[in-house]
1. Note the angle between two axes, namely the Cα long axis of helix 319-331 and the longest principal axis of the Cα atoms of the chain, as a number of degrees from 0 to 90, rounded to the nearest 10.
2. Remind me, relative contact order of the chain in percent, using alpha carbon pairs under 8 angstrom and six or more residues apart?
3. If you split all Cα-Cα distances of the stretch 337-433 into 10 Å bins from zero, what percentages do you get per bin, shortest first?
4. Work out from phi, with θ = phi - 60° and the Karplus expression 6.51 cos²θ - 1.76 cosθ + 1.60, the ³J(HN,Hα) of each residue of the stretch 336-344, listed in order in whole Hz, and give x for Gly and Pro.
5. Here are a few candidate values for Rg/Rh (Cα atoms, Kirkwood Rh): (i) 0.97; (ii) 1.00; (iii) 1.07. Which one was actually calculated from the structure I just gave you?
6. What value, in deg cm²/dmol to 500, does the helix sum -39500 (n - 2.57) over DSSP H runs of n ≥ 4 give at 222 nm once divided by the residues of the chain?
7. Among Ile361, Leu284, Leu372, whose Cα sits farthest toward the positive end of the charge dipole of the stretch 282-433 (+1 at Cβ of Lys/Arg, -1 at Cβ of Asp/Glu, about the Cα centre)?
8. Going highest first, how would you order 28-36, 139-147, 125-133 by mean Cβ packing within 10 Å?
Amino acid sequence: MSIFQPMAERLRPATFDGFVGQKHLVGEGALLRRLVERDTVPSMVLWGPPGVGKTTLARIIAGMTNAEFINFSATQNSIKEVRAVMEQASVAQQWGKKTIVFVDEIHRFNKGQQDAFLPRVENGSIILIGATTENPSFEINSALLSRCKVFLLYALTTEEVTELLSSAVTHFAKENNCKIDINTDLLDIIAQFCGGDARMSLNTLEMALSSAIIADGVMNVSEELIQQVVSKKINLYDKKGEEHYNIISALHKSMRNSDVHATIYWMCRMLDGGEDPLYIARRLVRFASEDVGLADPQALVQANAAYQASHYNGMPECGVNLAQAAIYLALAPKSNALETAYNNAMDDIAKNPAEPVPLVIRNAPTKLMKQLDYGKGYKYAHDHAEKITDMQCLPDSLVDKTYYHPTTQGREARIVEHMQNLETLRKKLGESK
């Protein structure tokens, strides 16, 4: 295999023993593994997020069943090509040869392309393995879906990805005949950054290794290098240099400090300097939620109205509209509880971006989803006098987490009382079981 292939391709395992994750499918004694080992593989749909092993799993299955493996891409192959392969598979079947047709991103095939598979799946001339990141109930024809077994694949855990990356480091060292100095904590950082996507994790690691400093035959991967590799590029709006940002900072901090006079001064300084009024309006909209929030919900209404007025009127007429909103925001009660709640939730998502939705509150409009226990045990709040239930709505790992902590400023004082009443009701409902 060429070393010029991406690491994710070079390290693709050929057997279940090298496959990381999805133990519910390919672990010892698991259903899919038994089907493969007994050579009784049905047509199937592999449903899961990117980089969790759908393509690798299809290739392992093909290798273990000694079938001809045909790889289709829904973004590249036409219906004419699909039908040509179906004919080849029929001929191969006559000679006792199995054909596995793997369709990556099968949800991108249109109805006509999907229908072309149907008769061949029915008569057994092909084993269809479709891979999709989308809900097959919505994206795959019901007739075709009814003839396929759906297997769910889950995002890899941080530990599973770190294990994979550790093996990749060893492999890379052998390829390049060198030693690699990299802390396991840095592998964890990559794993967390890539959110359970093995392919992205391996490609990120390869970028770091390929750009690492080599000294005395040792490839040194530093924390600084990993931070550079995983950091997102930040594009700054910078037409007027440092002073531009100094003045927008002055406007924001003056409003936050409820200084009406400084607020109007710095806003007018920006307009006088030729600043786009819509830029100022967007900053006011942000401030309304970041620094006022639910202490005064009308703040966001005022800011949005100023944006619309600026859009319709333009300069110089919209200046007074912006002044109205800016002064309103400066005088409004202040609370950053909303922003804090948002940031804390985003922090948790960054650490664990793929926490599963509790089954009880998943949407279940199809038979397949109901068979998978989607929505089982759901409690409809409107059926209860208190309009609240003790149903768990956060993921298991965050079940006791609290994000929004209102202050006593403005309307939030009433929100505090309301939230306390809700929590009391929820506890009583739980105790009454």
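1. Between helix and principal axis, roughly 90 degrees.
2. Rounded, it is 12 percent for the chain.
3. Bin by bin from 0 Å, the calculated values are 13, 33, 37, 15, 2.
4. Residue by residue, the stretch 336-344 yields 9, 4, 5, 5, 4, 4, 4, 5, 5 Hz.
5. Computed from these coordinates, Rg/Rh (Cα atoms, Kirkwood Rh) corresponds to label (iii).
6. Working: 20 runs with 222 residues, N = 433.
Computed mean residue ellipticity for the chain: -15500 deg cm²/dmol.
7. Leu372
8. Details: 28-36: 14.8, 139-147: 16.8, 125-133: 23.3.
Order by mean packing, descending: 125-133, 139-147, 28-36.
The values are calculated or read from the model by the stated rules, or taken from the named source; none is laboratory data. For clarity, every value in this text was computed on a predicted model and none was experimentally measured. Cβ sites come from the backbone with ideal geometry, for glycine too, and all protein chains shown count toward neighbours. With ligands, DNA and RNA removed, areas are computed over all heavy atoms of the protein, side chains included. Shrake-Rupley method; radii C 1.70, N 1.55, O 1.52, S 1.80 Å.
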